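S.K.: Sending over a structure as structure tokens; questions will come in a sec.
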Amino acid sequence: MSKIISGFSKLTKQEKIDWLSKNYFNSQPEIIKTLQQYWNADQKLQQLHDDFIENTISNFYLPYGVAPNFVINNKDYVVPMVVEESSVVAAASKVAKYWSSRGGFKAEVISTTKIGQVHFMFSGDEKELKSYFEKQKENLYRATASITKNMEKRGGGILDIELKNKTDKLENYYQLHVTFETKDSMGANFINSCLEAIAKEFRNDEIEIVMSILSNYVPNCTVKASVSCKIDELGGQDPQEFAKKFYQAVKIASVEPYRAVTHNKGIMNGIDAVVLATGNDFRAIEAGAHAFAAKSGSYSSLTHCTIDNGIFKFWIEIPLALGTVGGLTALHPMAKLSLEMMQKPTAKELMQIIATAGLAQNFAALKALTTSGIQQGHMKMHLMNILNQLEATATEKEQMVSYFEDKTVTHSGVVERFNELRNQ
Ligand code: MEV
């Protein structure tokens, strides 16, 4: 029997769940119980979340952790992180503390402009198009006046509108390439509204508008975060050897795409966690970051390292289109709390904090990878996850952790030892 349904969105939440349960879960009562378990008792709060998206039937929790001891440009921060992967918050906290006694992190915003495009087809004479564009340019700005008014008061708006000929790539393809400054807002809605108004004004019988949309590629909205110290101050048993291997690890990621993707994934562990905690759009950040990593034509590392005259330097340069106003930032109580926790940063400050979180995460990963290996830390968390599944008591957990101190953690091994312990 077909399970295609019309008018699903019009059903009440209960009706949606009933339909789902009947059609996809053989009406098992546990399904409804699991969904209900995550409903918020506070009706108003639940309604708020229900309204973020469509067809909401429950909430999906992710852990919210904090990483203290970040010193960025001589200011202390505790950084909120939303992430499901164990060790990420621990790594951030550890590295933050480590660098806090070595001058902390330095961060600077390099640029803040964003791009939107009106893509269109035109088969006539390019010269005529150019002259039409020049004549229309003022009108294009004017067409967005009601949208840009408030943004301009905040120092933002449309910085430039350019006509670009892309016919070498695709027959008849041109675009209006528009540069925006959106200050403390991520600006997606603002940019898209401006573009649609521009397209409406620009179209004529010969100009066939295909679409108007912002670009998530923001190579001119970038931030740099860095750490540096004398090699001898890196600590450990052999700081020279550590610096050398660390440097090699970064170099490998800069020349080898297979490694670069994993290297950058580790960076995004830190970045996405703070992006999520602040109600920002992590898909936009991800897309922009990876495109930036591939800007040379070969996918490469987002971080860089040098060792010169006994000085170790490690930094990240990354595009981050973020908002500290608008979107979910004020609407989601936890996003609001995250921003308050970081002392209500401007978008530029948030760029600095988030780039730092990415750099810290990469430092932790490379430090582990080039010394003890990554599994040591992971395995302890893996063990705890299995023990939680087994509903181990605090004493049992202690005994198990001590037993597995010098052994490899496998699911079956843990279950076996746990059963032995319980049967003793
Ligand atoms: C795991 O989530 C992230 C790492 O693989 C990153 C890296 O290899 O650099 C540890």
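S.K.: Only one of 344, 367, 348 is basic (Lys, Arg) and within 15 Å of the ligand (Cβ to nearest atom). Can you tell me which? Quick ask: steps written out before the conclusion?
M.R.: Details: 344 fails: within 15 Å of the ligand (Cβ to nearest atom); 348 fails: within 15 Å of the ligand (Cβ to nearest atom).
Checking each option against the conditions leaves just 367.
S.K.: Between a residue in the stretch 128-153 that is at negative phi and any residue that is surrounded by 11 or more Cβ atoms within 10 Å (Cβ to Cβ) and charged (D, E, K, R), which pairs come within a Cβ distance under 6 Å, given they are 6 or more apart or on different chains?
M.R.: 139/201; 140/201; 143/201
S.K.: Restricting to the stretch 163-200, what's the tally of residues that are assigned to a strand (DSSP E or B) and either aliphatic (A, V, I, L, M) or under 30 Å from residue 349 (Cβ atoms) (or both)?
M.R.: To start, the set of residues in the stretch 163-200 that are assigned to a strand (DSSP E or B) comprises 163-165, 173-181, 185.
Now drop any that are not either aliphatic (A, V, I, L, M) or under 30 Å from residue 349 (Cβ atoms) (or both), which leaves 163, 176-181, 185.
Count: 8.
S.K.: Any idea how many residues of the stretch 363-382 are charged (D, E, K, R) and surrounded by fewer than 18 Cβ atoms within 10 Å (Cβ to Cβ)? Please lay out each step first, then the result.
M.R.: Restricting attention to the stretch 363-382, the residues satisfying the condition of being charged (D, E, K, R) are 367, 380.
Within this subset, residues satisfying the condition of being surrounded by fewer than 18 Cβ atoms within 10 Å (Cβ to Cβ) are 380.
Total satisfying the criteria: 1.
S.K.: Then there's this: Determine, yes or no, whether residue 248 is more than 16 Å from the ligand (Cβ to nearest atom) and either out of contact with any Ser or Thr (no Cβ under 8 Å at 6 or more places or on another chain) or over 30 Å from residue 345 (Cβ atoms) (or both). Write out each step before concluding.
M.R.: Details: more than 16 Å from the ligand (Cβ to nearest atom): no; either out of contact with any Ser or Thr (no Cβ under 8 Å at 6 or more places or on another chain) or over 30 Å from residue 345 (Cβ atoms) (or both): yes.
Criteria not met by residue 248.
S.K.: Only one of these is surrounded by fewer than 14 Cβ atoms within 10 Å (Cβ to Cβ), in the same structural domain as residue 330 (by TED's automatic domain parsing) and modelled with pLDDT under 95: 310, 236. Name it.
M.R.: 236
S.K.: Can you name the condition, by its number, that residue 311 falls short on among (1) in contact with a strand residue (DSSP E or B) (Cβ under 9 Å, 6 or more places away or on another chain); (2) under 21 Å from residue 355 (Cα atoms); (3) away from the ligand (no atom under 13 Å from the Cβ)?
M.R.: Condition (2) is where residue 311 drops out.
S.K.: Which pairs do you get when a residue that is farther than 9 Å from residue 357 by Cβ, found in the stretch 261-272, comes within reach of a residue that is part of a helix (DSSP H, G or I) and within 6 Å of the ligand (Cβ to nearest atom), reach meaning Cβ atoms under 7 angstrom, with the pair 6+ apart or on two chains?
M.R.: Close Cβ pairs (under 7 Å, with a partner that is part of a helix (DSSP H, G or I) and within 6 Å of the ligand (Cβ to nearest atom)) amount to 266/365.
S.K.: Something else: Residues that are closer than 19 Å to residue 86 by Cβ, exposed (fewer than 15 other Cβ atoms within 10 Å of the Cβ) and in contact (Cβ under 8 Å) with a residue 60 or more places away in the chain: does the stretch 384-392 have at least one?
M.R.: Yes, some residue in the stretch 384-392 is closer than 19 Å to residue 86 by Cβ, exposed (fewer than 15 other Cβ atoms within 10 Å of the Cβ) and in contact (Cβ under 8 Å) with a residue 60 or more places away in the chain.
S.K.: How many residues does the stretch 204-244 contain that are small (Gly, Ala, Ser), part of a strand (DSSP E or B) and within 21 Å of the chain's Cα centre (by Cα)? Working first, answer last.
M.R.: Just the residues of the stretch 204-244 that are small (Gly, Ala, Ser), to begin with: 212, 215, 225-226, 228, 235-236, 243.
Among the residues that remain, those that are also part of a strand (DSSP E or B) are: 212, 225-226, 228.
With within 21 Å of the chain's Cα centre (by Cα) added as a condition, the list becomes 225-226.
Residues meeting the conditions: 2.
S.K.: Same structure again: Determine, yes or no, whether residue 360 is within 13 Å of the ligand (Cβ to nearest atom), of a type outside the set (Phe, Trp, Tyr), assigned by TED's automatic domain parsing to the domain that holds residue 252 and touching a strand residue (DSSP E or B) at 6+ places or on another chain (Cβ under 8 Å). It would help to see each step written out before you state the result.
M.R.: Values: within 13 Å of the ligand (Cβ to nearest atom): yes; of a type outside the set (Phe, Trp, Tyr): yes; assigned by TED's automatic domain parsing to the domain that holds residue 252: yes; touching a strand residue (DSSP E or B) at 6+ places or on another chain (Cβ under 8 Å): yes.
The answer is yes for residue 360.
S.K.: Taking the conditions exactly as written (more than 29 Å from residue 8 (Cβ to Cβ), more than 24 Å from the chain's Cα centre (by Cα) and of a type outside the set (Ser, Thr, Tyr)), does residue 69 satisfy them or not? If you could, list the steps in order and put the result at the bottom.
M.R.: Values: more than 29 Å from residue 8 (Cβ to Cβ): yes; more than 24 Å from the chain's Cα centre (by Cα): no; of a type outside the set (Ser, Thr, Tyr): yes.
No.
S.K.: Just a yes or no: is a residue in the stretch 40-55 surrounded by 14 or more Cβ atoms within 10 Å (Cβ to Cβ) and within 16 Å of the ligand (Cβ to nearest atom)?
M.R.: Restricting attention to the stretch 40-55, the residues satisfying the condition of being surrounded by 14 or more Cβ atoms within 10 Å (Cβ to Cβ) are 40, 46, 48-50.
Of the ones still in play, those that are also within 16 Å of the ligand (Cβ to nearest atom) are none.
No, the stretch 40-55 has no match at all.
S.K.: Exactly one of (1) among the acidic types (Asp, Glu); (2) touching a residue at least 40 places away in the same chain (Cβ under 8 Å); (3) loosely packed, with under 13 Cβ neighbours inside 10 Å is unmet by residue 184. Its number?
M.R.: The one condition residue 184 does not meet is (3).
S.K.: Would a scan of the stretch 114-123 turn up a residue that is closer than 30 Å to residue 360 by Cβ and not in a helix (DSSP H, G or I)? Show your work before the answer.
M.R.: Our first condition is that a residue be closer than 30 Å to residue 360 by Cβ; within the stretch 114-123, this holds for 114-115.
Going one step further and asking which of them are not in a helix (DSSP H, G or I), we end up with 114-115.
Yes, some residue in the stretch 114-123 is closer than 30 Å to residue 360 by Cβ and not in a helix (DSSP H, G or I).
S.K.: Kindly indicate which of 113, 144 is surrounded by fewer than 19 Cβ atoms within 10 Å (Cβ to Cβ), touching a strand residue (DSSP E or B) at 6+ places or on another chain (Cβ under 8 Å) and among the hydroxyl-bearing types (Ser, Thr, Tyr). Steps first, answer last, please.
M.R.: On the way: 144 fails: surrounded by fewer than 19 Cβ atoms within 10 Å (Cβ to Cβ).
Sole residue among the options that is surrounded by fewer than 19 Cβ atoms within 10 Å (Cβ to Cβ), touching a strand residue (DSSP E or B) at 6+ places or on another chain (Cβ under 8 Å) and among the hydroxyl-bearing types (Ser, Thr, Tyr): 113.
S.K.: I need the full set of residues from the stretch 245-299 which are acidic (Asp, Glu), touching a helix residue (DSSP H, G or I) at 6+ places or on another chain (Cβ under 7 Å) and surrounded by fewer than 20 Cβ atoms within 10 Å (Cβ to Cβ), in order please.
M.R.: Within the stretch 245-299, 286 is the sole residue that qualifies.
S.K.: Further, regarding this structure: State all residues of the stretch 83-98 that are over 14 Å from residue 353 (Cα atoms) and away from the ligand (no atom under 15 Å from the Cβ); if no residue qualifies, say none.
M.R.: Within the stretch 83-98, 97, 98 meet the criteria.
The values are calculated or read from the model by the stated rules, or taken from the named source; none is laboratory data. If you're wondering where the values come from, they're calculated on a predicted model, not measured in any experiment. Please note: Cβ atoms are built from the backbone with ideal geometry, for glycine as well, and neighbour counts cover all protein chains shown.
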